[in-house]
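S.K.: Sharing a structure with you now.
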Number of protein chains: 2
Amino acid sequence: MSSPSANQNTYPYQNEPTWSKSEKAIARTAFDAALGRELHEVIQRARQMASEIQQSSDLWDLEHYLTERRREIDRKYDYRYSQLTHVFGRLLHEKRLHEEELRGLQEDKLKSIRSFAQFLAGDTAA
Amino acid sequence: MSSPSANQNTYPYQNEPTWSKSEKAIARTAFDAALGRELHEVIQRARQMASEIQQSSDLWDLEHYLTERRREIDRKYDYRYSQLTHVFGRLLHEKRLHEEELRGLQEDKLKSIRSFAQFLAGDTAA
């Protein structure tokens with residue numbers, strides 16, 4: 001018998017929605033687009049910070065900025081089907097993803113995604 | 001009685017040379033000049049790397065480069081009088097310091113500095 005992780009995309013656990021082939025294609029495109037946009041932002045900001053370096057503290061500020069962004073991106077962009085509704089919910093909340101990019105996903109997934117986005121909105125508004 | 005570290009610049013331990021007021025001024029100037037030049041190099045290189053970023057791996061290469069340089073600089077530029085002959089020896093060996101910048105130090109210190117530079121030269125030639 002294979003390990004649970006090898007099975008996770010095929011035999012979802014309780015409460016985990018199944019992702020059809022076409023949904024997987026939509027998810028991958030949306031995920032990659034958001035990640036690409038976020039990386040583009042970081043690249044622009046890094047170039048700007050580098051061009052403005054005047055002293056050593058600016059240099060280490062740039063290092064710190066890059067370390068923080070790398071960690072945040074690693075944490076945020078988790079392409080596991082068990083995590084994707086949370087991932088997309090966060091990206092919607094952060095306006096890094098437009099809901100239209102998720103068109104074609106089943107309604108139950110869109111509901112979970114919107115619901116998590118709203119939860120995060122309430123969290124930051126509080 | 002004060003702690004040993006509070007005394008280290010005033011009452012050197014065995015085998016540690018004393019540094020006169022004028023020698024301390026020379027050492028500080030030489031140290032700061034070498035550090036300034038090394039930081040300037042890192043700033044130039046960081047700017048160049050940032051301007052050439054094409055993809056995320058280039059971004060994390062820049063982060064890695066900065067982290068490595070920061071650690072190396074922290075390790076190398078140790079302004080304790082007990083460490084200075086080794087620090088200057090290394091900087092001479094790396095051609096980050098010209099011997100003329102140390103003019104005015106006592107001959108015993110210059111000997112230790114040159115001797116450590118030669119030791120490192122032999123080490124890298126081996």
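S.K.: Which ³J(HN,Hα) values in Hz, rounded to whole numbers, follow from the phi angles of segment B:38-43 under the Karplus curve 6.51 cos²θ - 1.76 cosθ + 1.60, where θ = phi - 60° and Gly and Pro get x?
M.R.: After applying 6.51 cos²θ - 1.76 cosθ + 1.60, I find 5, 5, 4, 4, 5, 4 Hz.
S.K.: Full-extension gain between A:Gln118 and A:Asp61, please, as 0.36 nm times their residue separation minus the C-alpha to C-alpha distance.
M.R.: Length difference between fully extended and current span is 17.2 nm.
S.K.: Mind sorting B:Phe88, A:Phe119 by how few other Cβ atoms lie within 10 Å of their own Cβ, fewest first?
M.R.: Going from least to most buried by this count: A:Phe119, B:Phe88.
S.K.: Straight-line reach from A:Lys21: which lysines have a Cα under 20 Å away, not including same-chain ones fewer than 8 places off?
M.R.: Filter leaves A:Lys109, A:Lys111.
S.K.: Kindly put B:Asp74, A:Asp58 in sequence by how many other C-beta atoms sit within 10 Å of each C-beta, fewest to most.
M.R.: B:Asp74, A:Asp58
S.K.: Additional query: With label points built 7 Å along Cα→Cβ from the Cα atoms of B:Arg37 and A:Ser82, find their separation and express it in nm.
M.R.: Label-label distance for B:Arg37 and A:Ser82, simple model: 5.7 nm.
S.K.: What's the FRET efficiency of A:His98 with A:Arg75 using the Cβ-Cβ distance as r and R₀ = 22 Å, to the nearest 0.05?
M.R.: It comes out at approximately 0.50.
S.K.: If you rank A:Lys95, B:Lys76, A:Lys109 by fewest surrounding Cβ atoms within 10 Å, what's the result?
M.R.: Ordered from fewest to most neighbouring Cβ atoms within 10 Å, A:Lys95, B:Lys76, A:Lys109 come out as A:Lys95, B:Lys76, A:Lys109.
S.K.: For q values of 0.15, 0.34 Å⁻¹, compute log₁₀ I(q)/I(0) with the Debye formula on a Cα-only model of segment A:69-112, without solvent.
M.R.: -0.37, -1.31
Read-outs throughout are calculated quantities, based only on the coordinates presented, and are distinct from any laboratory measurement. Just so it is clear, the structure is predicted and the values come from calculations on it, not from any experiment. With ideal geometry, Cβ positions are generated from the backbone for all residues, glycine too; neighbour counts draw on all protein chains shown.
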